[in-house]
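**Q** I'd like to ask you about the structure that follows.
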Amino acid sequence: WTGAEIRACCRLAALLDVPLEVAARQIVPVAVTAQESVERVRRWANGRCLSSETSGIYQAPASRTSRRSLNRDVSSN
């Protein structure tokens with residue numbers, strides 16, 4: 001979440017007099033609404049910018065098709 005999204009969530013919670021968890025369900029992060037733009041910036045930053053997570057130059061992951069992996073083996077359910 002960006003700072004603006006956190007602020008919007010807090011403000012919405014106060015305006016509606018609901019817990020933050022309830023208000024958070026009404027906020028769509030920019031990483032979701034502008035996913036294509038975010039991916040374009042990540043590709044541009046690859047090898048050009050400093051990483052915010054590790055020391056050194058940012059290296060984009062090889063593939064960002066999904067943020068989670070699913071175990072499709074039915075025997076493990």
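**Q** Suppose we filter Arg48, Arg68, Arg72 for residues that are exposed (fewer than 10 other Cβ atoms within 10 Å of the Cβ), out of contact with any Pro (no Cβ under 8 Å at 6 or more places or on another chain), over 24 Å from Ile6 (Cβ atoms) and at pLDDT below 85; which single one remains?
**A** Arg72
**Q** Let me ask something else about it. Considering only residues that are under 13 Å from the mean Cα position of the chain (by Cα), surrounded by 12 or more Cβ atoms within 10 Å (Cβ to Cβ) and assigned to a helix (DSSP H, G or I), which ones fall in the stretch 33-45? Break it down into steps so the answer makes sense when it comes.
**A** Kept after step one, since they are under 13 Å from the mean Cα position of the chain (by Cα), are these residues of the stretch 33-45: 33-39, 42.
Within this subset, residues satisfying the condition of being surrounded by 12 or more Cβ atoms within 10 Å (Cβ to Cβ) are 34-35, 38-39, 42.
Across the stretch 33-45, the qualifying residues are Gln35, Val38, Glu39, Arg42.
**Q** Another question, then. Restricting to the stretch 7-19, what's the tally of residues that are open to solvent by less than 90 Å² (accessible area, probe 1.4 Å) and either assigned to a helix (DSSP H, G or I) or closer than 26 Å to Ala62 by Cβ (or both)?
**A** Number of matching residues: 6.
**Q** Take the residues of the stretch 20-32 that are under 14 Å from the mean Cα position of the chain (by Cα) and assigned to a loop (DSSP other than H, G, I, E, B): which is nearest to Trp1 (Cα to Cα)? Show your work before the answer.
**A** Within the stretch 20-32, the subset under 14 Å from the mean Cα position of the chain (by Cα) is 24, 27-32.
Add one more test, that the residue is assigned to a loop (DSSP other than H, G, I, E, B), and what stays is 27-29.
Numbers: Ile27: 10, Val28: 9, Pro29: 6 Å.
Once the filter is applied, the top-ranked residue is Pro29.
The values are calculated or read from the model by the stated rules, or taken from the named source; none is laboratory data. Owing to the predicted nature of the structure, the values given are computational and were not obtained by experimental measurement. Here Cβ is always computed from backbone atoms with ideal geometry, including for glycine, and neighbour counts include all displayed protein chains. Please note that ligands, DNA and RNA were not included when accessible areas were found on the heavy atoms of the full protein model with its side chains. Shrake-Rupley method; radii C 1.70, N 1.55, O 1.52, S 1.80 Å.
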